[in-house]
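Engineer: Before anything else, here's the structure in question.
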Amino acid sequence: MPALSVYVWLSLFLAFGSSPVSAPQPKETVNWLTLPEAMEKSKKQPKKIVIDVYTTWCGWCKKMDREVYQNPAVVAALNRDFYVVKLNAEQKQPITVNGTTYQYNSSYKAHELALGLLKGEMSYPSTVFLNEQQQVMQRLPGYYSAQDFLRVLAYLAEK
């Protein structure tokens, strides 16, 4: 009898366990870049740049990561129309952009690059949009739902 149950389990595994239908489909994700990478790519193939300015402790930033940056329609729009950057506003590592090196500023407890992009208005999450000439065209402080964020992306992609 024990041999029969092994045979049954083996048959079930071969019949269902290795079926391609049971394998989960890979999910498309945002193609995150560093700001220097995005700017370099934009010089070669111009696109607008979206910068997600966040902190590791920010609950709304995490909600935006879960509900917006994993939304399939948002992911598709971002990857198609923009170069996308994730910038930790409190990171300690220096970042060099266009020959200028930005450092962590302990007085403000924020990175100089984040301070500059947000003009000192440190609200998390914040989204900064750069045009093809790498100039700030829009700053959006706060959380946006996937539906609202898609509207913003559609508008700015055409602008």
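Quick note: the coordinates plus some simple rules give every number you see, no bench work behind them. None of these values were measured; they are calculated from a predicted model. Cβ: placed from backbone, ideal geometry, glycine included. Neighbour counts: every protein chain shown.
Engineer: Which residues, taken from segment 47-74, are closer than 16 Å to Arg151 by Cβ and of a type in the set (A, V, I, L, M, F, W, C)?
Structural biologist: Once the filter is applied, which keeps residues that are closer than 16 Å to Arg151 by Cβ and of a type in the set (A, V, I, L, M, F, W, C), segment 47-74 yields Val50, Met64, Val68, Ala73, Val74.
Engineer: What are the pairs, 6+ residues apart or on separate chains, where a residue within segment 30-55 that is of a type in the set (Lys, Arg) has its Cβ under 9 Å from a residue that is part of a loop (DSSP other than H, G, I, E, B)?
Structural biologist: Short answer, once both residue conditions are applied: Lys41/Lys47; Lys43/Gln134; Lys47/Glu132; Lys48/Asn131; Lys48/Glu132; Lys48/Lys159.
Engineer: Right, next: Consider Glu158 carefully, then state whether it is closer than 21 Å to Pro36 by Cα and charged (D, E, K, R). Step through it out loud before you land on a result.
Structural biologist: Working: closer than 21 Å to Pro36 by Cα: no; charged (D, E, K, R): yes.
In short, no.
Engineer: Scan segment 66-80 and give yes if some residue there is of a type in the set (Asp, Glu), over 26 Å from Glu40 (Cβ atoms) and surrounded by 15 or more Cβ atoms within 10 Å (Cβ to Cβ), otherwise no. Reasoning before the result, please.
Structural biologist: From segment 66-80, those of a type in the set (Asp, Glu) are 67; that's our starting set.
Imposing the further condition that a residue be over 26 Å from Glu40 (Cβ atoms) reduces the set to 67.
Now restrict to residues that are surrounded by 15 or more Cβ atoms within 10 Å (Cβ to Cβ): 67.
Taking every residue of segment 66-80 in turn, at least one turns out to be of a type in the set (Asp, Glu), over 26 Å from Glu40 (Cβ atoms) and surrounded by 15 or more Cβ atoms within 10 Å (Cβ to Cβ).
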